[in-house]
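Here is the structure we will look at, set down as structure tokens.
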Amino acid sequence: MAMIIDGREISLLVKNEIKEKVEELKKRGKEITLAVIQVGDNPASTVYVRNKKKACEYTGIRSLSYELPEETSEEELLALVEQLNERPDVNGILVQLPLPPLMDEDAVIRAISPLKDVDGFHPQNVGNLCIGQPGFVSCTPLGVIELLKRSGVSIAGKKCVVLGRSNIVGKPMALLLLRENATVTVAHSKTENLKEVTQEADILVVAVGRPGMVTGEYVKEGAVVIDVGINRDENNKLCGDVDFDTVEPICGAITPVPGGVGPMTIAMLLHNCLESVEREKYEVS
Ligand code: NDP
């Protein structure tokens, strides 16, 4: 039977470690502040933002909330970001995506100071990851690495296949696995003989956004399978990109959905907020 990698339990461990560090910093007179901006009232975004604020509260990180109406102009949003960039008491800035259709998401991401970009989406941080320099890393792939390490899965030298090549999950995931000395293949919708490619993986990370697409036929016996997907099935129930029922009997370890990668994403956001203080120190000295 496969080991079930419990993201809820591991994320709680991470959050408790962060809480202790935040308390230590407070004793030394340093408070960490995350500014969270939401434009419009997309219901999924509202839930994500609420969970992020709750997690901040749990760990003692102060959160500032900016809930802007749907009709906010891009200029107004950019002006707010600029103002938060300048504020010395704000360590991290998070603009919840997606933004309303008429806004240029890339322009908004680029406007966030790379030193406060706790989502790790700014091109400067992506570039730093690419060339092995310090910088913020996208929270979901960072959470996957943390899950693997804390579950005792060794990464170095392993064949890893990342299924999906988005800027926020697939690509940074591949770079992080490479940084951990894995041999990495990135597969996507144009990959030929996909099942043969994924069957090579010792560690298979799936981020395609297609409910239950990866069935047992895609998986090598004993592989570690990480399911990043968060989808709704035909009964509106949360489900991943991996078909748990056919994959679990074959693989060595697997993350469930919900309760796998999802909780780690928020834990790593808090981790990045803590990092922002460390980074500030380097900038000052
Ligand atoms: P995107 O839609 O941006 O990217 C999907 C990727 O999957 C693309 O690279 C696409 O290939 C590839 N793909 C799509 N269909 C196929 C197919 N049939 N065969 C092979 N490859 C395919 O999605 P995201 O990366 O943003 O998200 C992926 C999933 O992860 C979603 O379910 C999302 O909800 C979830 N997610 C979960 C998070 C968490 O906290 N756990 C955070 C972020 C996302 P191509 O590039 O060729 O089009």
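Every read-out reported here was derived from the displayed coordinates using simple, explicitly stated rules and does not represent laboratory data. Small disclaimer: the values here were computed from a predicted structure and weren't measured. Cβ placement follows ideal geometry from the backbone for every residue including glycine, while neighbour counts extend to all protein chains displayed.
Looking at region 235-254, can you tell me whether even one residue there is hydroxyl-bearing (Ser, Thr, Tyr) and either within 13 Å of the ligand (Cβ to nearest atom) or in contact with a Ser or Thr (Cβ under 9 Å, 6 or more places away or on another chain) (or both)? Talk me through it step by step, then tell me what you get.
Quick first cut of region 235-254, residues hydroxyl-bearing (Ser, Thr, Tyr) only: 246.
With the extra rule that they be either within 13 Å of the ligand (Cβ to nearest atom) or in contact with a Ser or Thr (Cβ under 9 Å, 6 or more places away or on another chain) (or both), the set shrinks to 246.
Yes, there is a match, as at least one residue in region 235-254 is hydroxyl-bearing (Ser, Thr, Tyr) and either within 13 Å of the ligand (Cβ to nearest atom) or in contact with a Ser or Thr (Cβ under 9 Å, 6 or more places away or on another chain) (or both).
Restricting to region 172-190, and then to whatever is of a type outside the set (A, V, I, L, M) and without any contact (Cβ under 8 Å) to a residue 24 or more places away in the chain, can you tell me which residue is surrounded by the fewest Cβ atoms within 10 Å (Cβ to Cβ)? Reasoning before the result, please.
In the first step, residues of region 172-190 are kept if they are of a type outside the set (A, V, I, L, M); the result is 172, 179-181, 183, 185, 188-190.
Filter once more, keeping what is without any contact (Cβ under 8 Å) to a residue 24 or more places away in the chain: 189-190.
Values: Ser189: 10, Lys190: 7.
Taking the candidates together, the pick is Lys190.
Can you find, within region 12-60, the residue that is surrounded by the most Cβ atoms within 10 Å (Cβ to Cβ) among those that are of a type in the set (Val, Ile, Thr) and farther than 25 Å from Glu105 by Cβ? Reasoning before the result, please.
Step one: of region 12-60, the residues of a type in the set (Val, Ile, Thr) are 14, 18, 22, 32-33, 36-37, 39, 46-47, 49, 59.
Imposing the further condition that a residue be farther than 25 Å from Glu105 by Cβ reduces the set to 14, 18, 22, 32, 59.
Values: Val14: 21, Ile18: 22, Val22: 23, Ile32: 25, Thr59: 22.
Here the residue is Ile32.
Give me a count of the residues in region 89-112 that are outside any helix (DSSP H, G or I) and within 26 Å of Leu129 (Cβ to Cβ). It would help to see each step written out before you state the result.
Quick first cut of region 89-112, residues outside any helix (DSSP H, G or I) only: 89-104, 112.
Among the residues that remain, those that are also within 26 Å of Leu129 (Cβ to Cβ) are: 90-99, 103-104, 112.
So the count comes out to 13.
Mind checking which residues of region 220-234 are assigned to a loop (DSSP other than H, G, I, E, B), within 21 Å of Glu200 (Cβ to Cβ) and near the ligand (Cβ under 10 Å from one of its atoms)?
Taking region 220-234 first, the residues assigned to a loop (DSSP other than H, G, I, E, B) are 220-223, 228-230, 233-234.
With within 21 Å of Glu200 (Cβ to Cβ) added as a condition, the list becomes 220-223, 228-229.
Of everything in region 220-234, those that are assigned to a loop (DSSP other than H, G, I, E, B), within 21 Å of Glu200 (Cβ to Cβ) and near the ligand (Cβ under 10 Å from one of its atoms) turn out to be Val228, Gly229.
Does Leu80 satisfy being closer than 21 Å to Pro43 by Cα and of a type outside the set (Asp, Glu)?
Numbers: closer than 21 Å to Pro43 by Cα: no; of a type outside the set (Asp, Glu): yes.
No, not satisfied.
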